[in-house]
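**Q** My questions all concern the structure below.
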Amino acid sequence: MRHLHVIVIIVRPVPAKGNGEWTGGIPIYIGICIGVYPSNTMLFEGRLAVAHTCLSCRFAVAFVKDNTSSETRMSEQASFRFFQISDTLFDSAAGLKSLELSPAKRKERTEEGFAALEKVLTSAVDEQADAVIVGGNLFNAEMVTTGTISRLQTIFARLRQTPIIVSPGEHDCWSNDSMYNQQAVVALGLNRWPPNVYVFCKSDYGTIRLPARPNVSITCRPYIEKTAPEFDGERLSALKRDDSRIKVLIRPLPSAHHIQPGAPEPSGPSADEVEHYGFTYAVFSGLPTCHIVNGSNGIPVAACAGTLFGQSEVDAGRRVALFCTLKVDETNQTTATVELREFDQRRIIVASVDLGNVSPDLRADKFRAALNRAGARDGQDIVILKLIGTYAAGLPPEINLEEFRKRYYHVKFEDHSRPDYLVNATPQTPTEQRFLELIAELRAASSSEAARGDLIDDTMYFGLAALREGRILIRDAD
């Protein structure tokens with residue numbers, strides 16, 4: 001159904017940096033447009049439909065008069081449907097290189113990452129999502145190229161009427177020279193970020209409302225100058241005065257991709273925390289794998305999408321974006337559904353085989369079985385094969401990898417096996433005796449650090465091997 005709409009557009013200029021704004025920018029313009037639009041035209045859509053033909057506006061308020069009932073408008077505004085992504089880390093220095101891909105395949109894999117992002121945005125348009133939320137770490141600020149930024153700008157601009165809400169995270173934090181700063185990108189000869197992109201860029205909590213969904217508010221405290229945003233319960237409590245029916249919190253966390261081995265991963269907001277501060281749902285980032293937090297009623301109240309496409313071993317398995325639907329019913333009770341959507345055409349699959357009690361002729365069979373259990377797909381997936389356990393001294397294991405290289409898109413082989421002559425070995429010289437005593441002391445001191453303990457074990461195995469095989473000489477030791 002179509003109705004006559006009278007739309008007043010008021011546009012004001014705002015600084016390119018500061019407390020967060022829609023990223024376009026224009027001189028002051030005031031106008032009145034009268035036309036026929038669908039009865040469900042919302043404020044953001046009206047802003048673009050009218051302003052797009054004359055100028056790119058940064059902020060607009062549209063007053064719409066039609067005969068749509070208030071009950072119908074309230075029903076439309078009492079839901080919020082959005083796609084959620086994070087941790088894409090375009091141009092990550094440590095990403096694809098760790099897979100030992102060839103330069104050609106690294107380039108191809110990067111293109112597949114952009115393709116996965118484009119598929120998410122295409123789905124957002126096809127399913128008429130209200131927004132796309134990027135929870136943090138869209139790119140690696142230290143390595144990102146102007147070509148990547150230009151590519152992202154072009155991809156985001158295709159949505160036009162769909163807001164893209166960005167929270168800078170640990171690796172793409174906001175600063176004066178950030179690639180999110182309009183002045184910075186223009187100085188580099190790039191276009192401005194398109195007007196449908198909003199970037200949180202102040203050190204305190206900021207709250208915005210989508211023009212097309214005035215009953216939805218989105219609150220965030222982003223990373224500024226590589227400083228993790230502090231959780232401030234007092235400030236969040238003050239935000240309870242917000243009268244939005246649906247309240248979304250974005251909370252970027254330290255990236256688990258670079259946490260030291262053995263250290264706990266960031267866990268994200270708890271259900272109690274989200275509910276206590278009056279939020280309907282929380283978006284968080286930093287984890288490589290999708291993680292959903294359910295409330296006391298079993299309904300999702302927070303989630304991290306994990307990485308959108310696999311770039312390293314920590315990204316093994318399915319990579320997903322989340323399609324979230326938040327609704328407020330007649331009794332003002334909010335419900336949420338979270339759908340996992342896979343957009344990456346490849347998966348990273350890890351398979352390990354322990355040499356213990358496996359004869360040499362069966363090792364390949366063990367790898368085949370492990371890959372089948374993990375769901376590895378022929379010609380499509382990236383496979384990491386790990387060999388662990390011990391072998392007879394002087395007889396290192398041999399694996400024919402050619403079969404696997406022909407079968408899968410890419411194969412990386414890691415040999416973590418060790419010679420077994422050290423098991424219950426008796427020191428043969430005083431040097432060996434003293435060496436083993438020192439290793440034992442180090443091992444006892446690091447009993448609570450698994451990664452350090454593994455390193456010490458490696459030192460013991462291969463250090464003593466070098467001693468016994470005469471590959472090193474200890475002066476004045478015996």
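**Q** Of all residues in segment 119-147, which are exposed (fewer than 15 other Cβ atoms within 10 Å of the Cβ) and in a helix (DSSP H, G or I)?
**A** If the condition is that a residue be exposed (fewer than 15 other Cβ atoms within 10 Å of the Cβ) and in a helix (DSSP H, G or I), then Thr122, Val125, Asp126, Thr146, Gly147 are the ones that fit.
**Q** May I ask you to list the residues in segment 429-448 that are modelled with pLDDT of 70 or more and part of a loop (DSSP other than H, G, I, E, B)?
**A** Restricting attention to segment 429-448, the residues satisfying the condition of being modelled with pLDDT of 70 or more are 429-446.
Thr429, Ser446, listed by residue number.
**Q** Are any of the residues in segment 307-329 over 25 Å from Phe90 (Cβ atoms) and touching a Gly at 6+ places or on another chain (Cβ under 7 Å)?
**A** No, segment 307-329 contains no residue that is over 25 Å from Phe90 (Cβ atoms) and touching a Gly at 6+ places or on another chain (Cβ under 7 Å).
**Q** Take the conditions surrounded by fewer than 19 Cβ atoms within 10 Å (Cβ to Cβ) and more than 27 Å from Tyr281 (Cα to Cα) and apply them to Ser150. Does it pass?
**A** yes
**Q** In this structure, is Leu395 of a type in the set (A, V, I, L, M, F, W, C) and part of a strand (DSSP E or B)?
**A** No, not satisfied.
Yes/no per residue for (1) touching a residue at least 24 places away in the same chain (Cβ under 8 Å); (2) not hydroxyl-bearing (Ser, Thr, Tyr):
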{"residue": "Ala129", "(1), (2)": "yes, yes"}
{"residue": "Gly136", "(1), (2)": "yes, yes"}
{"residue": "Ala141", "(1), (2)": "yes, yes"}
{"residue": "Gly147", "(1), (2)": "no, yes"}
{"residue": "Ser150", "(1), (2)": "yes, no"}
{"residue": "Gln153", "(1), (2)": "yes, yes"}
{"residue": "Ile165", "(1), (2)": "yes, yes"}
{"residue": "Glu170", "(1), (2)": "yes, yes"}
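**Q** Now, a different point. Find the strands (runs of 3 or more DSSP E) located wholly in segment 159-260 whose residues include 3 or more that are over 19 Å from the mean Cα position of the chain (by Cα), and list them.
**A** It comes to 206-210, 213-220.
**Q** In segment 309-342, what residues are more than 18 Å from Ser285 (Cα to Cα) and in a loop (DSSP other than H, G, I, E, B)?
**A** Asp329, Glu330, Thr331, Asn332, Gln333
**Q** Got a number for residues in segment 191-219 being surrounded by fewer than 19 Cβ atoms within 10 Å (Cβ to Cβ) and of a type outside the set (Gly, Ala, Ser)?
**A** Number of matching residues: 9.
**Q** Oh, and also: Pick from segment 98-118 the residues that are touching a helix residue (DSSP H, G or I) at 6+ places or on another chain (Cβ under 7 Å) and basic (Lys, Arg): which of them is surrounded by the most Cβ atoms within 10 Å (Cβ to Cβ)?
**A** Arg109
**Q** Can you find a residue in segment 267-279 that is part of a strand (DSSP E or B), surrounded by 17 or more Cβ atoms within 10 Å (Cβ to Cβ) and in the same structural domain as Arg81 (by TED's automatic domain parsing)?
**A** No, there is no match, as no residue in segment 267-279 is part of a strand (DSSP E or B), surrounded by 17 or more Cβ atoms within 10 Å (Cβ to Cβ) and in the same structural domain as Arg81 (by TED's automatic domain parsing).
The values are calculated or read from the model by the stated rules, or taken from the named source; none is laboratory data. Being a predicted model, the structure only gives us computed values, none of them experimental. Cβ sites come from the backbone with ideal geometry, for glycine too, and all protein chains shown count toward neighbours.
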